[in-house]
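Below: the structure, in structure tokens.
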Amino acid sequence: MLVALYEPEIPPNTGNIARLCAGFDIALNLIGPLGFSLESRYLKRAGLDYWPHVRMSVWRNFADFLAATSGRLVMATTRGATPVQEFRFSETDVLLFGPETRGLPANVLGLSPCHVRIPVRSMAAGGVRSLNLSSACAIILYAALADCGLLGRFG
């Protein structure tokens with residue numbers, strides 16, 4: 001299992017996700033173009049002193065990432081997707097998250113039928129449109145690890 005961020009835009013979100021991936025020993029893939037420099041102090045600060053434990057790959061573009069990656073693409077989206085708690089994950093899944101301001105584009109979503117969403121109270125009901133990217137990544141990654149029976153390795 002691995003986490004991939006498609007064209008991430010906000011350094012603190014990426015830093016928080018890097019720390020999450022370090023904690024669960026999950027590879028983090030950043031797919032460019034990135035909306036920030038990898039030298040950003042905000043990125044570094046959000047990741048704290050966990051950077052030596054982050055297995056991170058940076059890809060120039062999505063085509064390069066796809067060419068080097070195997071595994072089923074499981075895409076996080078708010079549009080017409082299976083609730084995360086009902087989805088059956090696999091240990092070889094690639095959990096793909098889109099940019100904060102626009103989500104995954106239609107052409108990327110069309111590459112896989114595996115779309116998951118986190119059920120939240122809708123805006124029409126006085127709720128929110130979506131969750132913060134790092135929060136959404138944490139929820140979906142945890143659900144995937146639990147579904148695959150992989151949480152036991154952390155004690």
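The values are calculated or read from the model by the stated rules, or taken from the named source; none is laboratory data. As the structure is a computational prediction, the values presented were derived from the model and not from experiment. Positions of Cβ are backbone-derived with ideal geometry, glycine not excepted, and every protein chain shown enters the neighbour counts. We work out accessible area using only protein heavy atoms, side chains counted, and drop any ligands, DNA or RNA first. Shrake-Rupley method; radii C 1.70, N 1.55, O 1.52, S 1.80 Å.
On average over all directions, what projected area in square nanometres does the range 58-141 have, based on the convex hull of its Cα atoms? Walk me through the numbers before you get to the answer.
On the way: hull surface 24.2 nm².
Seen from a random direction, the Cα hull of the range 58-141 projects 6.1 nm² on average.
Can you put D64, D25 in order of accessible area, largest first, using a 1.4 Å probe?
On the way: D64 50, D25 85 Å².
My answer, sorted largest first, is D25, D64.
In the chain, helices alone account for a calculated mean residue ellipticity at 222 nm of -8500 deg cm²/dmol, with every DSSP H run of four or more residues adding -39,500 (n - 2.57). If you look at the Cα atoms of the chain, you get an Rg and a Dmax of 14.8, 43 Å.
What does the charge add up to near P99, with Lys and Arg as +1, Asp and Glu as -1, over the other residues with Cβ less than 9 Å from its Cβ? Write out the running numbers ahead of the final one.
Values: positive: R102; negative: E7, E9, E100.
Every neighbour counted, the sum reads -2.
Here the range 58-155 is treated with +1 on each Lys and Arg Cβ and -1 on each Asp and Glu Cβ, and its dipole about the Cα centre works out to around 240 debye.
On average, how much accessible surface per residue is there in the chain, in Å², for a 1.4 Å probe, leaving out ligands, DNA and RNA? Don't skip to the answer; put the middle values down first.
Details: 7940 Å² over 155 residues.
Accessible surface, normalised per residue, equals 51 Å².
Computed in the context of the full set of protein chains, the accessible area of the chain at 1.4 Å probe radius has 54% of its extent on carbon or sulfur. Ordered by 1.4 Å accessible area with all protein chains kept, I10, I17 run largest first as I10, I17.
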